[in-house]
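Working notes, beginning with the structure itself.
Just so it is clear, none of the values below were taken in a lab; they were calculated from the coordinates. Because the structure is a prediction, the values reported are computed rather than measured. Don't worry about glycine lacking a Cβ; one is built from the backbone with ideal geometry, like all the others, and counts go over all protein chains shown.
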Amino acid sequence: MCLDIFVEDADPATHMNTTKLNGKTAVITGGATGIGRAAAKRFIEEGAFVFIFGRRQEALDAAVADLDRLYAAVKAERGSLDIVFANAGAGSPLPLGEITAEHIDEIFDTNVKGTIFTVQKALPLMGKGGSIILTGSSVGTTGAPAMSAYSASKAAVRSLARPGRRI
């Protein structure tokens with residue numbers, strides 16, 4: 001099992017002019033690279049205390065247990081949570097005629113189930129005015145060649161975030 005939780009806090013001496021998130025606590029999944037890492041850096045620049053969560057294991061059950069550990073760490077260190085950025089995602093190209101059950105499970109376990117459980121387990125720590133950010137993709141509405149399963153998973157994430165949804 002590989003679980004990485006990095007805690008980063010803004011240095012007030014270097015970030016005095018940007019305080020939009022000053023004093024806020026954030027969790028960012030998929031935060032070790034790409035969009036998640038860029039968001040973490042920006043949140044830190046804006047004054048937030050950021051928990052960055054990265055995971056390289058396959059099993060969803062282990063991921064759910066990891067989320068329990070992540071949010072226990074947030075509760076112990078900060079007491080509450082202001083922002084959840086559910087950014088972890090997976091996807092690889094495979095033509096429709098070659099998609100297997102394992103391929104679908106891998107993508108949907110990470111992109112759909114992972115997003116749902118990330119948000120669900122954060123809810124007890126979140127107060128009024130908190131923010132939940134879900135990472136989608138344009139292929140969730142437009143599709144892409146050889147990306148049917150990934151496109152469907154991102155359409156599901158988009159559906160979770162549609163206006164009027166009550167979490």
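Worth pointing out:
- Computed from the Cβ-Cβ distance with R0 of 22 Å, the FRET efficiency linking residue 45 to residue 116 stands at 0.15.
- Residues listed by number, the range 137-152, amide nitrogen under 14 Å from residue 96 label point at 7 Å toward C-beta: 143-152
- For the range 74-129, the set of chymotrypsin sites (Phe, Trp or Tyr not before Pro) satisfying both a DSSP loop assignment and a count of at most 10 other C-beta atoms within 10 Å is empty.
- Distance between modelled label sites at residue 133 and residue 104, nm, 7 Å Cα→Cβ extension: 3.3 nm
- Global form of the range 101-167, assessed from the alpha-carbon gyration tensor, a/c cut-off 1.5: oblate
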